[in-house]
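Have a look at the structure below before the remarks.
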Amino acid sequence: MTTETRLRPRLAVWKFASCDGCQLTLLDCEDQLLEIAGVIDIAYFMEATKGEIEGPYDLSLVEGSITTPDDAERIQEVRRLSDKVVTIGACATAGGIQALRNWSNVDDFISIVYAQPDYIATLETSTAISDHIHVDFELRGCPISKHQLLETIDAFVHKRQPNIPGHSVCVECKMRGTPCVMVVQGTPCLGPITQAGCGAICPAYDRGCYGCFGPAESPNIDSLGRWWKGLGETDTDLVLALRTFNAGAPEFKEASDFYER
C-alpha cells in the first residue's frame, strides 16, 4: 500500500436496527460508487464486502436505530472510532417505523411474536442515534436520496457543510409543476411540513406526501392540522399520518401526542 493510498480518507458504514435500504442506496450509486472508491478507502461496509480495514475512520455513515442493549454499547464504540458521524435514514435520525413501540408496551409484542420471549434482549424504545452519541450531520429519508448521500460524502471529504435543503416538499412540487393535491383535489398531504429530498414523487402521482423525509425546517403542523380538518380529516387521521417512518422525530412526536389527547 502506497503512502498516497494510506492518506486517503477512510469511510465506514454501520448497520443497527433497520431494513438495509439506506445502505443499498449507497450501492445503487453504481458509477459514482467507483468514483468514491477512487478518492476514499471504503474501510468497513459489511453490506458490500467482508474486507475490513481497522479504524479509526474519517467518516462513519450509520444506518438504523438503537433497540437493544448491545446496540447501545456498540454505537459508543462507533463514535470513539470515528472523526465524523453522519446518520442516514429515518431509523437512524428518528427511530424509524420501529419507534411505534414507544407508544406501547414492547413486552406485549415480544410475547405475541416469539415462542420463547425470554431469549429476546431488547429495549423498551427505539431511538435515534443522536439520543446516544454526538452526531455531526443527519441525512433523512426512507430511504435516503442518492443525490443527497453523494453530496454529503463529498462535503465531508472536502471538509465543508453539506448542501442539503431544509425547505418543504411543497417547493419540489412547484419546481416540477405539480398542482397542490390538497388545493386541487382535497387530498390530505404532509408535504407542507416534510423536508424536501424525494423530488415530490407522491404528489406527482396524485397522492399526498407520506412524510418520508421527516419534518422540514420550522414545520407549522398546527396550520396543516386545520387544513386537514377542513378536508374532513379527524384528529385520529393526523395521529396515524404523523406516526409512520419518522414517528420519533421530535416535531412529529409532539404533534401526534397533542392530537391523540
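Below are the figures for this structure:
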{"quantity": "Full-extension gain in nm, residue 73 to residue 229, via 0.36 nm per residue minus C-alpha separation", "calculated": "51.8 nm"}
{"quantity": "Rounded FRET efficiency, nearest 0.05, which uses the C-beta distance separating residue 121 from residue 204 and R0 of 35 Å", "calculated": "0.20"}
{"quantity": "Ranked 183, 171, 86, criterion: other C-beta atoms within 10 Å, fewest first", "calculated": "183, 171, 86"}
{"quantity": "Loop-located chymotrypsin sites (Phe, Trp or Tyr not before Pro) in the range 186-258 whose Cβ has at most 15 other Cβ within 10 Å (DSSP)", "calculated": "205"}
{"quantity": "Rounded to the nearest 20 debye, dipole of the range 169-260 from Cβ charges on Lys, Arg, Asp, Glu", "calculated": "320 debye"}
{"quantity": "Computed over the range 50-171, the ratio Rg/Rh where both radii use C-alpha atoms and Rh is Kirkwood", "calculated": "1.04"}
{"quantity": "Approximate spin-label separation residue 33-residue 109, in nm, with each point projected 7 Å along Cα-to-Cβ", "calculated": "3.0 nm"}
{"quantity": "Structure-based [θ]222 nm, the chain - -39500 (n - 2.57) summed over DSSP H runs of at least 4, per residue, nearest 500", "calculated": "-10500 deg cm²/dmol"}
{"quantity": "Where chymotrypsin sites (Phe, Trp or Tyr not before Pro) fall in DSSP loop in the range 70-131, at most 13 other Cβ within 10 Å", "calculated": "114"}
{"quantity": "Hits among lysines - C-alpha to C-alpha of residue 146 under 21 Å, sequence gap 8 or more where chains match", "calculated": "15, 84, 159"}
{"quantity": "Coil-residue GluC sites (Glu not before Pro) of the range 172-261, DSSP, other Cβ within 10 Å capped at 13", "calculated": "217"}
{"quantity": "Reach of residue 174 by Cα under 20 Å, taken over aspartates and glutamates that are not fewer than 8 positions away in the same chain", "calculated": "206, 217"}
{"quantity": "Beta bridge orientation in the chain: antiparallel %, DSSP, nearest 5", "calculated": "25 percent"}
{"quantity": "Taking 169, 106 and counting other C-beta atoms within 10 Å, the order from fewest to most", "calculated": "106, 169"}
{"quantity": "Inter-centroid distance (Cα atoms) of the range 133-212 relative to the range 1-76, Å", "calculated": "24 Å"}
{"quantity": "Positive-end residue of 29, 112, 9, charge dipole of the range 1-112 with Cβ unit charges", "calculated": "9"}
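Laboratory data are not the source of any read-out in this text; all were calculated from the coordinates shown. The model shown is predicted, which means the values in this text are computed figures rather than measured ones. A quick note on method: Cβ atoms are made from the backbone with ideal geometry, for glycine too, and the neighbour counts reach across all protein chains shown.
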